[in-house]
1. Could you please find all residues in segment 73-84 being surrounded by 16 or more Cβ atoms within 10 Å (Cβ to Cβ) and out of contact with any helix residue (DSSP H, G or I) (no Cβ under 6 Å at 6 or more places or on another chain)?
2. Which of the residues that make up segment 57-72 are open to solvent by 30 Å² or more (accessible area, probe 1.4 Å) and either under 11 Å from GLY43 (Cβ atoms) or among the polar types (S, T, N, Q) (or both)?
Amino acid sequence: PGVRTHYVEMGSGPAVLLCHGFPESWYSWRYQILLPALMVTAGKDPVLLPALSHGMEDLIPNLSRGHIEDCGHWTQMDKPAETNNILISWLRETHGKAGRLPVAPKL
């Protein structure tokens, strides 16, 4: 009682749930979802199980994935080197093709 819920349906296939926090909404994602995106999942994440993201490629055509098996919900805090390696590899692969993104990680 007293709680309003809003949802938007797009595409076809298995359901994918994208949650956001205030003040953002699905409306702010409507064009960004077409840009190259990286999703890093964690094998021991009790909140966002990797299986919950199956089918996201149907809604996010330029989605790349990284996975850290022995990690909890906060990948950046739990496994910073592994998270950075995934991010840097994705940046080089996705954006480095134009030669405009010099990445020199200090790990």
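The values are calculated or read from the model by the stated rules, or taken from the named source; none is laboratory data. Bear in mind that the values here come from a model prediction, so they are computed numbers and not experimental data. Here Cβ is always computed from backbone atoms with ideal geometry, including for glycine, and neighbour counts include all displayed protein chains. Note: accessible area is taken over every heavy atom of the protein model, side chains too, but ligands, DNA and RNA are not part of it. Shrake-Rupley method; radii C 1.70, N 1.55, O 1.52, S 1.80 Å.
1. If the condition is that a residue be surrounded by 16 or more Cβ atoms within 10 Å (Cβ to Cβ) and out of contact with any helix residue (DSSP H, G or I) (no Cβ under 6 Å at 6 or more places or on another chain), then ASP78, LYS79, GLU82 are the ones that fit.
2. ASN62, SER64, HIS67, GLU69, ASP70
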